[in-house]
1. Could you check the range 33-65 and list, in sequence order, the residues that are surrounded by fewer than 13 Cβ atoms within 10 Å (Cβ to Cβ), of a type in the set (S, T, N, Q) and in a helix (DSSP H, G or I)?
2. With the requirement that a residue be open to solvent by 60 Å² or more (accessible area, probe 1.4 Å) and assigned to a loop (DSSP other than H, G, I, E, B), what does the range 1-21 give you?
3. Does any residue in the range 135-150 that is over 15 Å from Arg124 (Cα atoms) come within less than 6 Å, Cβ to Cβ, of a residue that is assigned to a helix (DSSP H, G or I) and of a type in the set (A, V, I, L, M) six or more places away or on a different chain, and which pairs are these?
4. Looking only at the range 1-57, count every residue that is under 12 Å from Leu69 (Cβ atoms) and acidic (Asp, Glu) and tell me the total.
5. Applying the selection to the range 52-73, what residues are aliphatic (A, V, I, L, M) and under 31 Å from the mean Cα position of the chain (by Cα)?
6. Provide a single number: the residues in the range 133-179 that are open to solvent by 50 Å² or more (accessible area, probe 1.4 Å), modelled with pLDDT under 85 and assigned to a helix (DSSP H, G or I).
7. Among the residues of the range 22-32 satisfying the criterion of being modelled with pLDDT of 80 or more and either within 14 Å of Ser63 (Cα to Cα) or among the basic types (Lys, Arg) (or both), which is surrounded by the most Cβ atoms within 10 Å (Cβ to Cβ)?
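The values are calculated or read from the model by the stated rules, or taken from the named source; none is laboratory data. Bear in mind the structure is a predicted one, so any value in this text is a computation, not a measurement. As a convention, Cβ positions derive from the backbone with ideal geometry for all residues, glycine included, and neighbour counts pool all protein chains shown. Side chains included, ligands, DNA and RNA excluded: accessible areas come from the protein's heavy atoms. Shrake-Rupley method; radii C 1.70, N 1.55, O 1.52, S 1.80 Å.
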Amino acid sequence: MEGDQDMFLALYRKYYHSLLFIGLKEIKDAHLVKDAIQQQFLYLWEKRSSIQPAKNVKAYLVSSFLRKLTADWKRAEKTDNLQVAWNNMVEMPLPTPEESLIWKDEQQQLCRLLMDHVNALPARQKELIILRFYEGLSYEEIVQRTNLTHRTVYNKIHEALKKLKLELEPEKEKERFSFGFGMFLLCATLLVFYGWQ
């Protein structure tokens, strides 16, 4: 593929329908398949000087096309899921002032409960949890600050989170809290504004 446009166009015409058929067998979205074919040939044209000649052109085209199609499909799937989630959020009515007050009160209760359990952790685990989630340090920054090994920091934080999860599970059932890792991070962020107690 040393730049001969006519030869490249002939290659495109020869394999377009085969790739379309193969792509539609894998994914039922004709638009996505056609776009992936176009992108594949565009990539080949742009990289024609650096691509090694293929021994079996059809096998090369099919395998590279299927990799591209799979990547595009995964990306499109994520985008569709985000769009659905966004549409659902847009359609949700705004909470009333009473609902907002109740939600805020529940979140404060949850944060107090979480803080009580974090304060009950062993000193080293508590310190690492505060550094990781309250101060927002990366594992590497924690290693530098505490002079512990990376493995020790990771293990201690993992143990602390596991312990918190086990201790908070009964509270979750009792209080109807939908506690998750995201809520943990939310509480840690709120603590920045309200201060650690």
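1. Gln38, Ser63
2. If we filter the range 1-21 for residues that are open to solvent by 60 Å² or more (accessible area, probe 1.4 Å), which is where we start, we get 1-2, 4-7, 9, 13-14, 17, 21.
Hits for the range 1-21 are Met1, Glu2, Asp4.
3. Every condition considered, the pairs that remain are Leu137/Leu131.
4. 3
5. From the range 52-73, those aliphatic (A, V, I, L, M) are 54, 57, 59, 61-62, 66, 69, 71; that's our starting set.
Passing the criteria: Leu61, Val62, Leu66, Leu69, Ala71.
6. 10
7. That would be Gly23.
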